[in-house]
Structures are given as structure tokens and as C-alpha cells.
Amino acid sequence: MLRYIVQRVVQLVPILIGISVVTFLMLHLIPGDPVLLFAGDKPLTEERAAEIRHQLGLDRPIWIQYWDYASHAARGDLGRGLRSQRPVLESILEVLPGTVQLTLSALACATVIGVSLGVVAALAHGTWVDTTAMAFAILGVSMPVFYSSLLMILLFSFTLGWLPATGQGGVERLVMPAAALGLISAAVQARLVRSGMLGVLRQDYVTTARAKGLAPRIVILRHALKNALIPTITMVGLQLGALLGGAVVTETIFSRPGVGRLAVDAILGRDFPLVQGTVLFAAVAYVMVNLVVDVSYAAVDPRIRFG
Amino acid sequence: MQDGGRHGVSGPARVGRREFLRTAGAWAGAAGLVAGGMGRLAEAAPGGGGTLVIGGFDFDGTLDPQVTDFDSTIRVTLSICEPLVWEPTPGRFVPGLAESWEVAPDAKTYTFHLRKGVKFHDGTPFTGDAVKFTMDRVVAPETKAGQSHDQLGPYDHTEVIDDHTVKIVMKEGYAPLLTNLNGYLGIVSPTAVKKMGLAEFARHPVGTGPFMFKEWVDKDHVTLVRNPDYNWGSSFFKHRGAAYLDQIVFKIIPEASVRTGTLKSGETQYVNDMDPLDYASMKKDPKFVVIERAQPGSGWVLLLNVTSKGAISDLAVRRAIEYGVDREGLNKAVFHGLNKVAWSPLMRPTFGYDAATEKIYSFDPAKAKQILEEAGWKVGAGGIREKAGQKLVVDFPIIGRPRDKAMAESVQASLRDVGIDLKVTPLERAAFVDVRRQNRYDVNFMWFSYGDPDVLRTIFHSANVNAFNRARYQVPEVDRMLEQAAATTNKVRRAALYSQIQQRVLRDAVCVPLVDSLTYNAKRAEVQGDVLDALASYVWLYDVQIKK
């Protein structure tokens, strides 16, 4: 197991270098001179252009710029935001808890709804319960996050007045955004669990367990669901990425602090160090989450061998 | 985030004699306040205190008025860092930190007589040094100033004559300075800036205002608390002494429909930039007040590139476009008819707006067709006109935002009816900037809310061909008129010059005005005493009371 983990971590090195190159080149690859982009619509004198060029460090050879960027990034120094003059990492860490909280609650929400819906649909295979559950799943997949978010706000905040529509804080401010964000994931998981369960329920060992006279509850939870969940675990890991993406929209609509909004605002404000920092941070986080998922997947399924 | 500039500015604008007298009266009142001293302070009635929650757009990572590029940030800092003068309605100036001022006729020097006994929140006394410090830091490269840099114009230096008199000197005449003071040039505490450094000051701004900074939770809210020592309010305001409100919370709610909804649910009591779609239902409900106000500056216009190698360089084509665009239809389709159809590059509340421009063109497709016909553009395949094998195609790159797209498509439909093929290309911002810098376009959008008609220099002076002058219009005579108008404080002369300039650019058909823009704010009816400034952008909260 340890060897597997070490091996996976070593494999990360080229990936991380690749990510750092891409985020570094971002500034140079996008169309347009970064200096002109930074200056926007203001008239630009030669000396002002030179000043900005120097400020951004663009007057040095590109490989020196990269080395400077990468070596600083490796030490956790992502530079300073152009407007705020604060260390980029500090800005990210300040809003990170909001995003983590939202993503994990959405994931929990999605898993609870998704798994129970899937199990119920599989057990009630072919009945109206199954049809209704799957119709809900299709609705969940096809409804854009911003739309379901706005509907929820309209109903629960503005019409019924049960929940606050904006901000971060207690559970009451987390329920709607987590549910809205989790909905898509829940739908995907419900379909996955349903088909997994249907497959497993036809297996001989389930029939045997039933024949032994085990309580149906035990058969379903211990024997069937445990095996049907294996693909779901992988799925959950992969969806974490999708959730991070959806969090940008959810954060904006529910006015929650978060990395997604920080990144979007940085892009709109042409704050390049902040853009590079948030992209690099998100990419590294994504890679790390995938590593954790792979390792835990291997730990759950004994058929996966390390090495 | 705001494309185009949203400058808060205006020059010595239309001050008729009556208004001038009223302003003079205000100065006398201010002097009286100082003389009367504490007597008037004792009259201050407690306003009930409480917390006002304002829903607004996000900030750009700084609360430093000299660094920010966002009007939404200034809405916060204006209560912390006060200006030298306030501008309640276009062209009318009332004392702020300056009790009175003199402007040289050539608009090159501005002398300010400062209020005495004023203290910054950190205890530093307010003197001429603070004014000099604030202005100098705008041009210092290490400040990395944003809008304030543009707004200080051709700044040369500030002379501190004595503790309470300063002279701001310009390199050349610059009439819009007074308006520009009301916002990005708010006075900051030199002690605080030096002690904290740039980054720290941007998180904890210190000024002389009626409210002091308390906390800022990024992407969530900024809280200000009442300054208990405040007793130097402008004579313009309704009361003296400390502000009524205990606290103001500026809540960041990026989504417009949610922002408006929070007003109904009571999470906020005031919202900026409401969704115009909510306008009708809010207006009917007596629990709310919708505040709509026309802005000064330049509204949504099309600038037609005269240096293009395409058909648009032909005056006849440009004139046909002037007649061919259905502005009323555009206003209905895109803005639900809430804005006002425009005929001048200046919006109506701007000083120098010439109403005669409204008669230069009209929506007249028949006339447009006739002009094109006479210029040799004959109807060809698919109804698109041609001349000597050249198709009448006009390139219109835009940034792919929904509103820009909707406007562009509306213009496209109008022009198609007269046989012009307007090619609308939505681009990513960086690609768009490239196209513009490389002069590969025929038409461009422009919108520039600004308090002074000097905005016309930004859009039509040949020095700005690589910036906001997207028509790439270079007429020495117009340049001269623009320079003369900026270098005089004589209102009659200024108005006459701006009138000529508006008529000239319309006759040269380099600018197609579409609509004037309005700002929409809304509040709960119990919120009283708020004042929207001359730019229809900043809300003054000093007099605000929440009356149950």
C-alpha cells in the first residue's frame, strides 16, 4: 500500500510541473499583449507601458520568468494581487473554507439522496416508484444549477421566508446552496446505484443469502449495497471536480465567499497573479483529490492490487 | 469588471444664477456653522441608530479609493474618506473638507480653504499636508493607482500654502477637477498610509468621514460603524454631529435578481443596481421606493471607424446608419423601454447637452435607403447592397456579454432592412482588445458615465485614437475646441463649444447614439434621508434614518 502511494506521489511531479507551465504560459498565450490587456482602455504612454511591463516582470527572458514563478510557487508564494497587494495565497486561504464547506456538504447531500433514491428504485424495479425516482434523476441532471438555485431562493426565501438567501454562516445558510449544487450529482449517483443494485440483486450470492433466511434489510445493506457502491465511490471522486466547477455559479447566486468567485472576479479585473494563483491552486487541489480517491478506491476493493 | 470607464466626474457645470446664489448661501451657512460652533451640535436629534444593510455588487479586492477601479468600492469608501467638495446635482458643488475654493479662469490652479478642527479616525489632524499627500500618491507609481490616476488629469503638484490652504496646480487647463474630487480622490490619512503600508491600508482605510471602517469579510460584506467625534458635516446635509445610523453593512450580492429579492425578504434595506425586470412590481408596492435617475456622461453609442478600409469610411454609409437604426425598438427589446432614446453623444443630464441634436437625425429607413441609392450602393443578392463588386458589409466585434449581444443584434436587424450587412462577432475580452488595438473593426460600442462634458475629449480627441476614441476620429479643429473647452471655467463659452462639438461629430456621422442609461436603486420605505449624488452613482448615508 505504502509503495503504491509513494509511486503515485512520484507520478505527480511531472503533472504538477505541467500544470505550472500551463498556468505560467496563460498570461503569454492568451491573445494580446499582457501589458495592453492590463492597461485596458486607458491611453497608454510608452513609459507607462514600460512601467507595467517591469511591474509584471515581463521585461526579463521568459525562462527566467518561469523559473522565478515556479520556484516561488513551490514555496507557496503565488505573488501578490495587483489591486489588493496581498499575497495571493492569503486571499485564497481566506475564502477556501467556504468552498470546502459547500463542496463537501453538496457531496454529502448528493450521496444521501442519490444512494437512497437508487436503492429504492432498484428494489421497486419496474413500478411507478422506480419511474418517479428516475424521472427525478433526469430532471436533476438536466436542470442547470443557476436555475434550480434561483427557484429554491424564490420559494424558500422570498415566498415562504424559511431560509436566508445569501451569505455564509450557520446551517440555515448552507442547506439551499448545498442542495442546489448536490442535485446534479445526486441524479448521477441515483442512476448509477440503481443499475449497480439491479445487477447485484440477480447475483447468486444474494439469492443464497436470501435462501439462508437472512433478514431482507441485512441482505440489501450488507451484501448487495456494499458491492453495488464500489463504482459509486470512484464516481464521487470524479464528481468532486464537477462540484468545484459548479461551486462558482452557486457561490455567486447565494453570495457566498469562495475560491470560484475569487477566480472569476480576478479574471474580470484582469488581476493576473490572482488568476494564475487560483488556477494553479484549483488544479493542484484537483490532482490531490484524485490521488486520495484512487488510494481509497484501492483500499475498499480488494480486487485492486497495488504495485 | 465594468467595461468602459465608469468615472465619477463632472466639471463646473450648469450653474444658473439662482443656483449660484444658493451655493453661495451654502458657503455662508458653512461659515456660520464654524462660528456658531457647538450651539448647533446640541440641536442634533438622535436618529434612532440601527443598522442599515445595503446589497450591492462586489469590490475589486481593495478599499483604497486611490487604487480601486470600481464605483461599487467608492460607494463604501465615500463614507470613510471624505472629498474636498461634494456634488449633489450636476454642476452644483457644496463644501466638504474644503469650506470654499477658487478656480483660476484658465482652470489651471485650484485653491482650497480647508475646514478647521477636523480629525482623521486615527486621531491625525486634517491639514493641507493630507491633501497634498493624497494627490501626490495618485501619481506615485508605487500606488498603482486606478481610476484616480485618470481623474486627476494633467496634475502637476500641490502647494501647501498654510495648514488650512492648499493650491492644486495643473499642467494645463482642466475644468473637470471639481467633479472628480467627489469619489476616487477622497482624502486619506497620511499617518495611516505610512504606518500600514499599501496592502494593509487597502484592508483598513482611514479617513475623516462620518463612518469608520470596522471589518471586511472578503466576498461577503464590509461593515462600517459611526464615527462618534464627527461634527464637520457639509452644510449641505440636514443635520449636524454624528451620523444617525450605528452601523452600515455593505453586503455583497453579485446576482441582481437575488439582490432585489433580499429587499423584499428584509435581508437588505437598500440595493444598488437592481434588476430592471423587477422594476414594475417594486414600483407598485408602497413598502418600497424605486430610485431611478438618468446619469450624466456618454450613453450607449456606436462609434463608426473612419479609418476603416471597408465601406464604413464612406460618409453616405455612415449617414445611412444614423437614419437606419431603430433606437426605440432597441430600447424596447433590450431595456424593456426603461431607458431613454439618445440622439447626442452626451446624455441629457450632462452640462452642455445640446437639445438641438435631437433634430439632426430621425429613424427613417426610407431616407437611409435613398442615401445609399444615391451613393451608388444598389440592392444585390439577399437584399444586401453592393457597389462596384463590393458588398455592404460592416464588421462589429463585441465582447460576448448578453446585453451587448442583444443590443448588437437589434442594430443588426434594423440595418438589414436598409440593405447593410452588420457582421456581429462576439469575442473573448483578450481577443477583443487585440482586434481593437490592431484597428480591425468598423463599429464599436462605447458607454462612459462621467460628470463632465469633457468625456467628449476622451471619445473624440485624436490623442485618444488608441484608447477610447474608437471612431479613430482625428479632426484638428475638433481637438482644438475640446482643449479650449477643458481650459476654461466660463460656462457660457464651454456650453457653446460642446454644442458645436456634438453637432460636428453627428454631421460627420462618426457616432450613433442609441440610449441614455439610467441607474436603478431601491430601498424599503422606512429608510429615509439618503441622497443620490450628481453622478447618480453614489449614495450619501450621513443623514439616513430608519423610521419604523
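Work out the mean other chain Cβ neighbour count within 10 Å for the residues of B:254-263 and drop it here as an integer.
Going residue by residue through B:254-263 and averaging, the value is 6.
Where does chain A land at 222 nm, in deg cm²/dmol rounded to the nearest 500, when only DSSP H runs of n ≥ 4 count, each adding -39500 (n - 2.57), divided by all residues?
-23500 deg cm²/dmol
Tell me, what is the FRET efficiency for A:T132 and A:A215 to the nearest 0.05, using R0 = 30 angstrom and their Cβ-Cβ distance as r?
Efficiency computed from Cβ-Cβ geometry: 0.65.
Using +1 on the beta carbon of Lys and Arg, -1 on that of Asp and Glu, and nothing else charged, what's the dipole of the protein assembly as shown about the Cα centre, debye to 20?
In total the dipole reaches around 1820 debye.
Among B:159-166, B:77-84, what's the highest-first ranking by average C-beta atoms within 10 angstrom per residue?
Put in order of decreasing packing, that is B:77-84, B:159-166.
Roughly what angle does helix B:17-36 make with the longest principal axis of chain B, taking Cα atoms, 0 to 90 degrees, to the nearest 10?
Its long axis makes an angle of about 20 degrees.
When the helix-only estimate is applied to chain B (DSSP H runs of n ≥ 4, each -39,500 (n - 2.57), divided by the residue count), what is the mean residue ellipticity at 222 nm, nearest 500 deg cm²/dmol?
For chain B, the value works out to -9000 deg cm²/dmol.
With label points built 7 Å along Cα→Cβ from the Cα atoms of B:E526 and B:Q484, find their separation and express it in nm.
5.8
Which of the three applies to the stretch B:418-548, rounded, prolate or oblate, going by the alpha-carbon gyration tensor with a ≥ b ≥ c and a/c under 1.5 meaning rounded?
In terms of gyration-tensor shape, oblate.
What FRET efficiency would be calculated for the residue pair A:L29, B:K405, taking the C-beta separation as r and a Förster radius of 22 Å, to the nearest 0.05?
E(calc), rounded to 0.05, equals 0.25.
For chain A, which DSSP H helices look membrane-span-like by this rule: Cα extent along the axis of 20 Å or more and mean Kyte-Doolittle of at least -0.5?
Length and hydropathy pass: A:2-29, A:88-123, A:128-142, A:175-201, A:230-253, A:272-300.
Excluding A:G118 itself, calculate the net charge of residues whose Cβ lies under 15 Å from the Cβ of A:G118, where each Lys or Arg counts +1 and each Asp or Glu counts -1.
+2
Just to confirm, what accessible area per residue do you get for chain B at 1.4 Å probe, in whole Å²?
Spelled out: the 1.4 Å probe surface of chain B, per residue, equals 35 Å².
Could you calculate the FRET efficiency of B:N466 with A:A50 from 1/(1 + (r/R0)^6), where r is the beta carbon distance between them and R0 is 25 Å, rounded to 0.05?
0.95
With every protein chain in place, what's the accessible area of B:R348 (1.4 Å probe, Å², nearest 10)?
Near enough 60 Å² of accessible area.
Treating the angle as unsigned and between 0 and 90°, give the value, to the nearest 10°, between the Cα long axis of helix B:365-374 and the longest Cα principal axis of chain B.
Tilt of helix B:365-374: around 50 degrees.
Can you give me the angle between helix B:491-507 and the longest principal axis of chain B, using Cα atoms only, in degrees from 0 to 90, rounded to the nearest 10?
So the inclination is approximately 30 degrees.
By DSSP, what percent of the beta bridges with both residues in the protein assembly as shown are antiparallel, rounded to the nearest 5?
Beta bridges within the protein assembly as shown, antiparallel portion: roughly 80 percent.
Please state the shape class of the stretch B:177-317: rounded when a/c is under 1.5, otherwise prolate if a/b exceeds b/c and oblate if not, all from the C-alpha gyration tensor.
oblate
Rounding to the nearest 20 debye, state how big the charge dipole of the stretch B:160-213 is about its Cα centre with +1 on each Lys and Arg Cβ and -1 on each Asp and Glu Cβ.
In total the dipole reaches around 160 debye.
Any chance you could run the full-extension gain for A:R75 through A:L160? It's 0.36 nm times the residue separation minus the Cα-Cα distance, nm to one decimal.
Value of the extension gain: 25.6 nm.
With the cut-off at 1.5 for a/c, could you classify the stretch A:182-307 from its C-alpha gyration tensor as rounded, prolate or oblate?
Prolate, because a/c is 1.5 or more and a/b exceeds b/c.
With Rg and the Kirkwood Rh both taken from Cα atoms, where does Rg over Rh land for the protein assembly as shown?
1.02
Starting from the 7 Å offset along Cα-to-Cβ, what nm value, one decimal, do you get for the label separation of A:L139 and B:E358?
Between A:L139 and B:E358, the simple spin-label model gives 5.2 nm.
Any idea which of B:G183, A:A135, A:I218 is furthest toward the positive side of the dipole for the protein assembly as shown, if Lys and Arg beta-carbons carry +1 and Asp and Glu beta-carbons -1?
Checking the options against the dipole of the protein assembly as shown, the answer is A:I218.
Roughly how many nanometres apart are two label points built 7 Å out from the Cα toward the Cβ at B:A294 and B:R440?
The two pseudo-label positions are separated by 4.0 nm.
So how much accessible surface do B and A hide from each other in total, probe 1.4 Å, in square angstrom to the nearest 100?
3500
Would you rank B:K144, B:K405, B:K195 by solvent-accessible area, highest first, keeping every protein chain in place and using a 1.4 Å probe?
Sorted descending by solvent-accessible area, the residues read B:K195, B:K405, B:K144.
Could you name the lysines in cross-link range of B:K378, using Cα to Cα under 27 Å and dropping any fewer than eight places away on the same chain?
B:K309, B:K367, B:K369, B:K387, B:K391, B:K423
What percent antiparallel are the DSSP beta bridges of chain B, to the nearest 5?
Percent antiparallel among DSSP bridges in chain B is about 80.
The values are calculated or read from the model by the stated rules, or taken from the named source; none is laboratory data. Because the structure is predicted, anything quoted here is derived from the model rather than measured. No Cβ is skipped: glycine too gets one built from the backbone with ideal geometry, and neighbour counts run over all protein chains shown. All accessible areas refer to the heavy atoms of the entire protein, side chains included, with ligands and DNA or RNA removed. Shrake-Rupley method; radii C 1.70, N 1.55, O 1.52, S 1.80 Å.
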